[in-house]
Amino acid sequence: MSNSSARIATVVGADSIKIQALLAAMAAEWHARGVSVAGVIAEPHGLPSVVCSAGILREISSGRPHTIYLDVAPSDTSCHLDASGVEPACESVLAHIATSDLVILSKFGKLEASGSGLAKAFKAAVAAGKPVLTTVSAKHRRAWRAFAPDAIDLSADKDDLQRWWGRVCA
């Protein structure tokens, strides 16, 4: 495993809500051990009849929520994602990358594949040599591989994430 591949990892093999809960739990655990973690975790809106689960992005460092949910989806999609809500979350992450030990970004999805959303945070973290942990929408795996060709996949398992972090710190 090359150094670059050890530093960028994607959690796969579970639904988004489970992965986001795992990322949040790991961020809290690593923070409790003195690791400076920057980033955002996605939380669903909880509405049962809506296809898109976008709700909020919660800053890991402060707990501040950023709403990313539109009450009414645009006419050309069933997705309720509010791209303008992602922008301030990204700006907040950018402000913390330089002093972080680890960057956890909720997802590389359609916004990031098009160069918006959290794309600036992904690019800044990689450019700064920070370890990055994320998940990737299945529809956007090709764009992810173009961005991070050496990224490794991890199972949605706490032990797998702990082993990855141990290798990064070694």
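Summary of values
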item: All positions within region 114-144 that are in contact with a Gly (Cβ under 8 Å, 6 or more places away or on another chain) and of a type in the set (Gly, Ala, Ser); result: Gly117, Ala121, Ser137
item: Some residue of region 69-78 being of a type in the set (Gly, Ala, Ser), outside any loop (DSSP other than H, G, I, E, B) and either at pLDDT below 95 or open to solvent by 20 Å² or more (accessible area, probe 1.4 Å) (or both); result: no
item: Pairs, first over 20 Å from Pro131 (Cβ atoms) in region 97-117, second assigned to a loop (DSSP other than H, G, I, E, B) and not basic (Lys, Arg), C-beta under 6 Å, six or more apart; result: Gly109/Ser137; Leu111/Gly117
item: Filter result (crowded, with 24+ Cβ neighbours inside 10 Å and assigned to a helix (DSSP H, G or I)) within region 105-119; result: Glu112
item: Counted residues, region 18-43 - those being part of a loop (DSSP other than H, G, I, E, B) and in contact (Cβ under 8 Å) with a residue 60 or more places away in the chain; result: 2
item: Where a residue in region 149-170 is open to solvent by 60 Å² or more (accessible area, probe 1.4 Å) and its partner, wherever it lies, is among the hydrophobic types (A, V, I, L, M, F, W, C), with Cβ under 6 Å and at least six apart; result: Asp153/Val12; Arg167/Ala6
item: First in region 118-145 and more than 22 Å from Ala28 (Cα to Cα), second anywhere and open to solvent by 10 Å² or more (accessible area, probe 1.4 Å) and in a helix (DSSP H, G or I), Cβ under 7 Å, 6 or more apart; result: Ala119/Glu112; Lys120/Leu94; Ala124/Leu94; Ser137/Lys110; His140/Lys110; His140/Ala113; Ala143/Ala113
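The values are calculated or read from the model by the stated rules, or taken from the named source; none is laboratory data. If you're wondering where the values come from, they're calculated on a predicted model, not measured in any experiment. We place every Cβ from the backbone using ideal geometry, glycine too, and count neighbours over all the protein chains shown. Note: areas computed on protein heavy atoms with side chains; ligands, DNA, RNA excluded. Shrake-Rupley method; radii C 1.70, N 1.55, O 1.52, S 1.80 Å.
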